[in-house]
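The values are calculated or read from the model by the stated rules, or taken from the named source; none is laboratory data. Bear in mind the structure is a predicted one, so any value in this text is a computation, not a measurement. Because the Cβ atoms are built from the backbone with ideal geometry, glycine has one as well, and the counts that use them run over all protein chains shown.
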Amino acid sequence: MRRFDGKTLLIATHNAGKLEEFRQIMTPLGITVTSAAEHGLPEPDETESTFIGNARIKAHAAAKATGLPALADDSGLEVMALDGAPGVYTADWAETPNGRDFIMAMEKTHAKLIEAAAPQPWQARFCCTLALAWPDGHDEIIEGHANGQLVWPRRGQDGHGYDPMFQPDGHDRTFAEMTADEKNALSHRGAAIAALMKACFT
């Protein structure tokens with residue numbers, strides 16, 4: 001694993017919430033965090049069929065454009081009874097002409113499970129892939145997962161995306177019924193970030 005020894009890290013995202021999440025982690029290490037949006041970078045087309053492939057596209061595009069090491073993530077939900085769908089297309093299932101509607105996406109997922117006559121429990125996992133790319137073309141890939149099952153009707157008001165439908169293994173509450181700290185301790189992104197910090201930053 002290559003260690004990160006720079007002072008500035010570009011987060012290849014236009015999502016302000018995601019940027020702030022990484023800023024809180026990196027600032028205590030003396031690392032300045034900037035974003036693709038702050039550099040005016042376009043969002044590259046995600047043309048790969050895997051989380052790793054799409055994370056690499058975003059990280060390398062940002063590193064090449066700015067000359068800075070860049071960190072990108074690609075994440076989504078895999079439902080075992082739906083052959084891993086929606087997977088890399090998780091956000092696409094929520095797309096509408098007016099933005100993303102994850103209530104619609106959850107209803108679509110539930111309908112597909114009923115249509116498939118899939119027996120319960122409906123096993124699923126959240127996946128997060130982090131790609132840390134350097135301007136010389138090198139990258140390191142870290143993955144994190146959260147295993148659980150889908151529940152219906154959805155429960156909870158907190159969280160985002162599929163959180164109201166996802167109940168992690170060993171728990172009787174969905175991610176949307178947990179506090180942010182409780183969810184982060186169990187989440188796919190939390191697992192991936194912890195592994196990345198151990199491998200490349202500490």
Practice prompt. Would you be able to say whether some residue in region 114-126 is within 30 Å of Phe201 (Cβ to Cβ), in contact with a His (Cβ under 9 Å, 6 or more places away or on another chain) and not small (Gly, Ala, Ser)?
Written response: yes
Discussion item. Restricting to region 24-63, give me the number of residues that are surrounded by 12 or more Cβ atoms within 10 Å (Cβ to Cβ) and either over 21 Å from Pro135 (Cβ atoms) or among the acidic types (Asp, Glu) (or both).
Written reply: 7
Discussion item. Taking the criterion of being modelled with pLDDT of 95 or more, in contact with a His (Cβ under 9 Å, 6 or more places away or on another chain) and surrounded by fewer than 19 Cβ atoms within 10 Å (Cβ to Cβ), would at least one residue in region 4-15 satisfy it?
Written reply: no
Worksheet entry | So Asp181, is it part of a loop (DSSP other than H, G, I, E, B), farther than 23 Å from Met1 by Cα and of a type in the set (Asp, Glu) | no
Worksheet item: Do you know which residues across region 77-123 are under 19 Å from Gly53 (Cβ atoms) and among the hydroxyl-bearing types (Ser, Thr, Tyr)?
Response: Tyr89, Thr90
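Please find, among Arg100, Arg56, the residue that is over 12 Å from the mean Cα position of the chain (by Cα) and modelled with pLDDT under 95.
The conditions single out Arg100.
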Worksheet item: Of all residues in region 15-56 being acidic (Asp, Glu) and outside any helix (DSSP H, G or I), which is farthest from His188 (Cα to Cα)?
Response: Glu38
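Yes/no matrix, rows are residues, columns are (1) within 14 Å of the chain's Cα centre (by Cα); (2) closer than 14 Å to Ser75 by Cβ; (3) among the β-branched types (Val, Ile, Thr):
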| site | (1), (2), (3) |
| --- | --- |
| Gly6 | no, no, no |
| Leu9 | no, no, no |
| Gly17 | yes, yes, no |
| Phe22 | yes, yes, no |
| Ile25 | no, no, yes |
| Ser35 | no, no, no |
| Glu38 | no, no, no |
| Leu41 | no, no, no |
